[in-house]
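Here is the structure we will look at.
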Amino acid sequence: MHHSSVVLETVIGVVTLLLVATGIRAFTKATKLPFSIVLVLTGMGFSYIAQSYPGASTLLPSLEISPDIILYIFLPTLVFESAFSMDTQMLRENLRQVLALAVPGLLLSTGLTGYIIHLATGIPLAESFLLGSILSATDPVAVIALFKQLGTPLRLTVLVEGESLFNDATAIVVSRILIAVVAAGNITFGTLLHGTASFFVVFIGGVVVGWLLGLLTGYILGMVESDPFIEISLTTVLAYLSFVIAEELLHVSGVMATVAAGLTIGGWGRMKISHSVRSYLEHFWEYLVFVANALIFLMVGLHVKISAITESFGMILWIILAMSISRAVIIFGIVPMVGKREKSEPVNLRYQTVMFWGGLRGAIALAIVLSLPDFEYYEIFVTLVTGAVLFTLIAQGLTMNMLVRFLKLNIAPLSDRFAFLEGSLASKLTAQEKIPELMKGGQFSGSIANRLQEENSREIEKIRKKIDSLQQSELTPEHEKRLILLFGFAEEKSMFIEMFNKGHISERAFRELVQVLSLHMDALRHSREVEHVEAYNLPQRRLERAAIYLAEKTPGLSTVAESIRRLRIAKDYEMAWGRYKGSGWVLQQMGSLTKLKSLSEESIKDLFRLYKRWQRMSGEILDQTAEQFPEFVNTVQERIGKRLLLQAESEAIKREAEHGFLTQGVAEKMQEEVTGKLHALKKIETGKLKFKPYELLREVPFFSEIPEKEYEQIIEHTITRSFSGKDYIIRQGEEGSSLFLIARGVVRVSRSDEGKTSDLATLMAGDFFGEMALLHSEPRSATVRAATPCLLYELKQEDLFTAMKTSPSIRSALEKADKERKS
Ligand code: CMP
């Protein structure tokens, strides 16, 4: 065949399939039938026509289903998108169940399915295991689409989708190992051991490769400001390159690499994607997945040879039985075992049932079996897998809907139902207010307006009644309180997102704010008191403190410790600002809540009080920081102000371009300039947190009497230290090596005796502390913590002693304080 005609034929083939798929999409939307299943059935219909009427076959696309196309083009696409859009928080919470099913579960399923097949059909053991592994990869596309339609709980989706995400990789790796075993001719202990070892290397290697490439891409994405073409291309390159690098270059699992890359970018890296690009990018991937799925399922259908399947019907029944038994064993056996430990909520029997029945097999299984090297059982394996895939798709896929409804898993959680009712009530009330406007112009018939008004009022009544009955039957006051709090958190979060998108708070501050919020939500779910959650105990803060501690103990690294501390102060300021704005927003939104009247006044008041207090607390932090570090706060505010102006400018340009005042080229150029400036203003400046000690120290009474020359000598030896609220400066019982002078801020001295802690004093700018340990060569007598952000000067022991020698006033000041404090 001529070269270009191959390309032409492929184009015609793909376009025809796409056209057919588009028709099916419209059809399934109207009939609510599962898209992928109708695709397969249509494909089968076409192939049947082609076989029965050989003349018709020229009209059919001549696309052979090629395992390479599935493995290298479709698989990375599907897996990446699925990982990218997965709720990573939810996945983390259910990771143990997901991994238990995807790794040991898949191995067990491979063994069990294989063994039953071996017993029932007489296929040799190694070959049976190979078939078992191929049949153990689940592919729940049809089920996930259905879940979304029905509104099943997110957790169930994550369990089913997560399992298939990881077990695809496992199945591919295991089947490759088994192919080697089949080639070797027999199973020995050696081959098994080697197989297990290489399994873990390949699996974990894939994760590492994907994770590293995901991180790298994330960092590059962070440098790009609002360019959809660059950002989308980067994610596309990541999806396929991680696959190819892992698979071909490093010989580890490509699927695992793509999964890990997708999870990394979808979770941590999502914030690195420009706000304006995010939804564009999501749509792009959704479309790719639509095309991939459409082509895959049509091709699967076209590939089915009905005559071959009817010939091996008996064997296929055995295969289905083996698959079902082992699926039941791993779901009902492994899931409850994993759920029992720790605080993770068990996955209940209803979920398990859906997971059992929802484990469909699909394109992955077909791709693996088609890509097997030619061997004795090739043809029969292809037929068996096709039959099994068809069975699960049709029998299980078409009945899932009924099962989910029967188990009542389609009923949304109380909070969602309540939110839905509240939302419709609010919108109907708004609509009601608009009706008088209709009448105003005089051109609108009064009777129609009246009728509309009546209809609307009736519906409002109906919704009110539904809310009432919900409150009486399920919505206890306790529930209601939680719902209202969740409402507050959601509003707060939307504010944080907006602030981050506008560049008012940095990515790090944003991440911490969201993290504290999810801690709050967790606390609420386990019904602990919300207020006991403290940001101070966040894991990354502990890490930060550990880093500061280590850096301080390591000679030469004290400047590193200091810069981490300054970053902390900057971040605390930003977070306080976010909280302040967030609580203000919630308080403002509360007005509309009270209007609805369906919530009890008391719980609304509770929320109001809580958020008032939070607002006050963050306001205090803002004030304190502004007082102690005015230079810093000024630069932060200036930066935000500049960004606000630039954003307004950018919006004006957009508007003018839309109205045609600006030509596209000019608008783009102007936009680019603004974007560049905005990007430059993204960085948080901690430089302004630096101070020159010279003037400040002069104001400290302690130094006021020292002659100029000696003063300058001491100054040279002081080290500037900044601390944020609650930081420890000195711990009781530690060895002391320096004296601290307070330049700005407030610290609190406390002492614990036999387990009881009591505050001794509050010290302010001009005071000093840490003298007692130095004067008596004793451990620190008390603990000193920063009460507000503060700035201190540290004077090392040797330098202090030199200073004491030359100026007796210092010695006497120290000794005087020491005597007073001791008593
Ligand atoms: P040192 O023992 O080196 O470390 C803890 C410091 O807390 C101590 O020095 C004093 O500077 C300070 N300190 C201890 N007790 C008091 C007190 N009663 N009032 C004020 N400061 C104190």
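Details
- Hits in region 385-428 (condition: small (Gly, Ala, Ser) and assigned to a helix (DSSP H, G or I)): 387, 388, 395, 397, 415, 419, 423, 424, 426, 427
- When each of 331, 319, 368, 325 is tested for being part of a helix (DSSP H, G or I), in contact (Cβ under 8 Å) with a residue 60 or more places away in the chain and surrounded by fewer than 18 Cβ atoms within 10 Å (Cβ to Cβ), the lone residue that passes is 325.
Residue by residue, here is whether (1) buried (at least 20 other Cβ atoms within 10 Å of the Cβ); (2) more than 20 Å from residue 813 (Cα to Cα); (3) not hydroxyl-bearing (Ser, Thr, Tyr) holds:
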position: 711; (1), (2), (3): no, no, no
position: 731; (1), (2), (3): no, yes, yes
position: 741; (1), (2), (3): yes, no, yes
position: 750; (1), (2), (3): no, yes, no
position: 756; (1), (2), (3): no, yes, yes
position: 762; (1), (2), (3): no, no, no
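- Flag for residue 259 being assigned to a helix (DSSP H, G or I), of a type in the set (Val, Ile, Thr) and within 25 Å of residue 98 (Cβ to Cβ): yes
- If you go through region 604-632 and keep only what is surrounded by 15 or more Cβ atoms within 10 Å (Cβ to Cβ), part of a helix (DSSP H, G or I) and over 31 Å from the mean Cα position of the chain (by Cα), you end up with 624, 625, 626, 628, 632.
- When we screen 196, 157 for residues that are at pLDDT 90 or above, β-branched (Val, Ile, Thr) and farther than 20 Å from residue 243 by Cα, the only hit is 157.
- Residue among 226, 233 that is more than 28 Å from residue 203 (Cα to Cα), polar (S, T, N, Q) and either at pLDDT 95 or above or part of a loop (DSSP other than H, G, I, E, B) (or both): 226
The values are calculated or read from the model by the stated rules, or taken from the named source; none is laboratory data. Treat the numbers as computed from the prediction; the structure is a model and nothing was measured. Glycine also receives a Cβ, built like all others from the backbone with ideal geometry; neighbour counts cover every protein chain displayed.
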